[in-house]
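Asks: Have a look at the structure that comes next, please.
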Amino acid sequence: MNAETILRLRIDRLKGILKSCTLCPRKCLVDRTRGESGFCRLADDVVVSHALPHYGEEPPISGTRGAGTIFLSSCNLKCIYCQNYQLSHDIFGERIDIEGLSRIMLALEKKDCHNIEPVTPTPQIPQVMEALLIARQRDLRLPLVYNCGGYENPEVLKILEGMVDIYLPDFKYGTENDALVLSGVKDYTAHAIPSIKEMVRQVGEELSMGEGVAKRGMLIRHLIIPGFISNSLEVLGLIKKHISLSVPLSIMSQYTPMPSVKNHPHLRKRITRDEYELVINHALDMGFETIFTQDVDDRALVPDFRKKAPFDWS
Ligand code: SF4
């Protein structure tokens, strides 16, 4: 069997999962091919909010010409503080078919982006992978970045072997209680650990670079949440224990309070420089080898997906 036939069979397996959906750990068991909807409320077509060169990711992902980011509608988490809530908490965007998604990928390559980065692909992964195969057959060369929230079904990730070049998962929570309070799931950590281990198995624990940008590998993101510093320390401990100290980390300070949490005693604030430095110093003391950092400032760089250019703050 040639490589393309193997990929086609894997995509058929992924599409089969839509008939009793277990694409993510919510395992809604609905038949999305018949219009039934589970937690994410998605059917078996594709819903895209925006596709654009994105300059706000880490330097190895955005490079100088931008990541080729495809913002997909709906997420399998429901973080109460989500900055992308307009599209992650609702069905938001244009319904297109798989051919249309493959054309978007090819158009991002024409715009000279460094990669193709669907966000969040988890509930639409069969469609994304079928579109990717079509685009590859039409000479798409860019690496695929799988940018997800870390709440994955590791059995589904196993099917993606050879299709994903760079995994960019969040590792949001070190305790199940924080995950339940902030994202409404009771088994985040239990799934994040084996999922990220599977990602590392596929692409290795480091980032392979070429021409100043990532071509293959892993980068784990963690957003520090005000009032939940102990959660961040727990996350670092779990990555050290279960994954590796060599895997690059992106420790993010960019938390910005959304209107939905304006009355929450902690979430209505931003993190302080002292809190950020505490987490960074803890990671350094633990021996993490590569850490991407952010400035701690008061800028509220929250995208507005109702606009054609959601990241244009001018
Ligand atoms: S992808 Fe959507 S329907 Fe499928 S298990 Fe997850 S939340 Fe449920």
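Each reported figure results from applying straightforward, stated rules to the coordinates on display, with no laboratory input. Fair warning: this is a prediction, and the values are worked out from it, not measured in the lab. Glycine gets a Cβ as well: all are built from the backbone with ideal geometry, and neighbour counts include every protein chain shown.
Asks: Quick one: order 182, 207 by neighbouring beta-carbon count within 10 Å, fewest to most.
Replies: Least crowded to most crowded, the residues run 207, 182.
Asks: Tell me which residues come under 5 Å, amide H to amide H, from residue 292 once H is placed; ignore anything under 5 positions away on its chain.
Replies: The list, which skips near neighbours in sequence, is 249, 250, 251.
Asks: Here's a follow-up. Looking at the chain, which Cys residues are left with no other cysteine's beta carbon under 4.7 Å from theirs?
Replies: That list is 21, 24, 28, 40, 75, 113, 148.
Asks: State which entries of 186/240; 110/172; 19/111 exceed 25 angstrom in Cα-Cα distance in the structure shown.
Replies: 110/172; 19/111, as the Cα separations exceed 25 Å there.
Asks: Excluding residue 47 itself, calculate the net charge of residues whose Cβ lies under 14 Å from the Cβ of residue 47, where each Lys or Arg counts +1 and each Asp or Glu counts -1.
Replies: That sum, taken over residues with Cβ under 14 Å, equals -2.
Asks: Need the full-extension length gain, residue 302 to residue 282, defined as separation in residues times 0.36 nm minus the C-alpha distance. One decimal, nm.
Replies: Difference between extended and current length: 4.4 nm.
Asks: Search the structure for amide H atoms under 5 Å from the amide H of residue 148, placed 1.01 Å from N in the peptide plane, and list their residues when 5 or more places away or on another chain.
Replies: 168, 170
Asks: If the viscosity is 0.890 mPa s and the temperature 25 °C, what translational diffusion coefficient in µm²/s does Stokes-Einstein give for the range 104-227 when Rh comes from Kirkwood over Cα pairs?
Replies: Approximately 160 µm²/s, per Stokes-Einstein.
Asks: Fully extended, how many nm does the chain gain between residue 91 and residue 65 (0.36 nm per residue separation, minus their Cα-Cα distance)?
Replies: In short, 6.5 nm is gained.
Asks: Still on this structure, please answer the following. Please report Rg over Rh for the chain, where both radii come from the alpha carbon positions and Rh follows the Kirkwood definition.
Replies: On the Cα set of the chain, Rg over Rh gives 0.94.
Asks: For a quick check: sort 64, 189, 175 by the number of other beta carbons within 10 angstrom, fewest at the front.
Replies: 64, 175, 189
Asks: So for the chain: antiparallel DSSP bridges make up what percent, rounded to the nearest 5?
Replies: Within the chain, antiparallel bridges account for around 40 percent of the total.
Asks: Cα centroids of the range 67-120 and the range 147-190: how far apart, whole angstrom?
Replies: 18
Asks: Sticking with this one: Give the percent of DSSP beta bridges with both residues in the range 193-281 that are antiparallel, rounded to the nearest 5.
Replies: If I count the DSSP bridges inside the range 193-281, around 50 percent turn out antiparallel.
Asks: Spelling out what I want: for every residue of the range 301-312, take phi, set θ = phi - 60°, compute 6.51 cos²θ - 1.76 cosθ + 1.60 (Karplus), and round to whole Hz; glycine and proline get x.
Replies: 8, 9, x, 10, 6, 7, 9, 5, 10, x, 9, 8
Asks: May I pose another question? For the range 128-186, build the convex hull from the C-alpha positions and give me its volume per residue in Å³.
Replies: It is 92 Å³ per residue.
Asks: A further question follows. Rounded to the nearest Å, what's the spacing between the alpha carbon centres of the range 196-219 and the range 278-314? Just the number, please.
Replies: Going from one Cα centre to the other spans 20 Å.
Asks: Report Rg (one decimal) and Dmax (nearest whole number) for the range 159-216, counting Cα atoms only, units Å.
Replies: Cα-based Rg and Dmax for the range 159-216 come out at 14.0, 42 Å.
Asks: To continue, here is another question. Please report the net charge: other residues with Cβ closer than 12 Å to the Cβ of residue 4, K and R +1, D and E -1.
Replies: Residues near residue 4 contribute +3 overall.
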